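Q: Below you will find the structure I want to go over with you.
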Amino acid sequence: MNQPQQTLDIKGKYYIINLAGGLGARIIQTCFIRSLITKRKQERNDYPILVVDNSLIGEMAAQVLKNQNVISVKVPEVPNSYPHHPGLLTIQNGNKEHPIWVDTWRDSYKQNNNGWLWELLNNNWERAYHIEYGFGLTKTIHKYKKNNSKKSFIGYHYADGMQDLHYDGGVPMLEVSQQEQQVDNFANTQNKPYIVLHLGTDLNPQDYMSSINYRFHKVWSMERWADLVQKLKHKYNFVQVYANEHNPEIPDVVSIKVTSINPVLQLLQHERCRMFMCIDNYLPHLAASIKKPGIVLWGSTSPSVWGWSWTHHKVPHLHLYNDVCDIQPCWRPNMWDTQQSGQQYVCDRGYKCMKSIEVSQVIKATETVEKKFVGIKKENEIVL
C-alpha cells in the first residue's frame, strides 16, 4: 500500500471522527462533525477535529468548516477488512478508552509503513468516534420501515450509538472543493434547464454494493428511464453521471465522466440545474447538502429511514414508494445476506417494488416538484 501524500503537524490533543459505510452514509455522517463542534464548545476547548475518510467526502466537509479547526485526513483502505468498514465488528462509539477500531487501524497501518497515520492514531487523541453502520443498525431501524415520524430518520439511529453526540436535524455539510471545467462547459451551454440523473447504486461498478443481485432491488429499468427522457426532453435537458457497464448511457442524454462526487455537487448547484432524479443511492444525500429539489425512486429500502423530507428537514425531495410487497422494505440483499443454500439472497417476488413505479408516475412527480419546490427559498439553515 502506498503512503498517502499528506503531512500532519498536530500538537496537543485532538478529536478523531471516522466516516464509515457507503457514500450516502458518509455524507449523512458529516452532520456529526457539526455536533462534535458543538460538543467541543461545551467542553471549552479548541482541539482540532480530524475527519478520517478514504473518499473525498471528508475533504468536502472540511472545506465548509475550514474556519472551525476541522482537518480532513484521507486514508487508504484498511487491509483485510470489508470495503468502507474498517473495524466494523468491533465498534465502541464515543469511548475515551481505546476504541478497538482505532487499534485495528493502528496495527494495519503500522504493518504497512504508513508512519504518519501510525503516529496520528498512536498519540494524544482526546476522543474517537466511529459511526456505526452495518449488521445491528439494519435490525434496529427495520421496525421504522413504514413509520414516517421524525425519529425514523437514519441520523437519529446513528446518534443512538454515539453516546455523547446527537443529530441536530440539519442537512449534510459539503462544499465543492475544486471547480471542474467540464461541468462549467456543459452547464453554461444548456438552452434548457437540465436534470441530473444517477441510475446506479454507487461510484464503482466493482464495489460490493454494486453487485448484480443487490442492484436489482434498487434499480429502475433502463427502458423506463429512456422512455421518461423521451417524454420530457421537450422541456428539459438531461445529464447522466456514472454511466458504466451496469448503467449504460441513455439516448438523448449527455453523459459526464466523473470520478468523484465533487463535480456532481457542482452540477447540482449550478443555476441551470432544475432538479435531480435517481434511485436510492448517494445522490439525494449530496443534493440535501444544498437543498436541491429532486425525485427519488424507492424499492427495497425505506424513504422513512433514508430519505430527506420537506416535513422534517425542509429538504425539497419527493419520494416515489409503492407499497406493493408484504415484506417491503426488506433491505435485501446486502453483502451479508444469504439463503440457506449459501447463495446470496435473490428476490422471489420478481422485484415488483421497483417495477411497480410507472413512467407516468415520475412525470407527474416532476410537475409536482416544479410547482411545489423549484425556486423556493432555503429554510431551516443551521449556523455554527
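All of the numbers you see were taken from the coordinates with simple rules; none came from a lab. Everything numeric in this text was worked out from a predicted model, so none of it was measured. Note: ideal-geometry Cβ built from the backbone for every residue, glycine included; neighbour counts use all protein chains shown.
Q: For LYS233 and VAL324, what is the calculated FRET efficiency with R₀ set at 30 Å and r taken between the beta-carbons, to the nearest 0.05?
A: Given R0 = 30 Å and the Cβ-Cβ separation, E is 0.55.
Q: What is the calculated FRET efficiency for ARG272 to LYS150, with r their C-beta to C-beta distance and R₀ = 41 Å, to the nearest 0.05?
A: So, using R0 = 41 Å, E works out to roughly 0.75.
Q: Would you mind calculating the gained length between THR368 and VAL346 on full extension (0.36 nm times residue separation, minus the Cα-Cα distance), in nm to one decimal?
A: 4.5 nm
Q: Now, a different point. Just list whichever of LYS218/LYS292; LYS11/LYS39; LYS192/LYS218 have alpha carbons separated by over 24 Å in the model shown.
A: Pairs exceeding 24 Å: LYS192/LYS218.
Q: Find how much the distance from GLN42 to THR311 grows on full extension, using 0.36 nm per residue of separation minus their present alpha carbon separation; answer in nm with one decimal.
A: 93.9 nm
Q: Quick one: 3J(HN,Hα) in Hz for segment 165-176, Karplus 6.51/-1.76/1.60 with θ = phi - 60°, rounded, Gly and Pro as x.
A: 10, 9, 9, 8, x, x, 9, x, 10, 9, 8, 4
Q: Test of understanding: what is the full-extension gain from SER221 to GLU249, defined as 0.36 nm times their sequence separation minus their Cα-Cα distance?
A: 8.8 nm
Q: Determine the alpha carbon to alpha carbon distance for each of LYS235/LYS371; LYS233/LYS371; LYS231/LYS291; LYS235/LYS364 and list only those over 23 Å.
A: Beyond 23 Å: LYS231/LYS291.
Q: Sort 292-299, 321-328 by the packing proxy (mean of other Cβ within 10 Å over each peptide's residues), most packed first.
A: 292-299, 321-328
Q: Got a sec to turn the phi values of segment 275-281 into Karplus ³J(HN,Hα) couplings, 6.51 cos²θ - 1.76 cosθ + 1.60 with θ = phi - 60°, whole Hz, x for Gly and Pro?
A: Taking θ as phi minus 60°, the curve returns 6, 10, 9, 6, 8, 6, 9 Hz for segment 275-281.
Q: 5 Å is the cut-off here: which amide hydrogens, built 1.01 Å from N in the peptide plane, fall below it relative to CYS273, excluding neighbours closer than 5 in sequence?
A: Residues meeting the amide H criterion: TYR194.
Q: If amide hydrogens are placed 1.01 Å from N in the peptide plane, which non-local residues have theirs closer than 5 Å to the one on LEU318?
A: Distant-sequence amide H within range of LEU318: GLY294, ILE295, VAL296.
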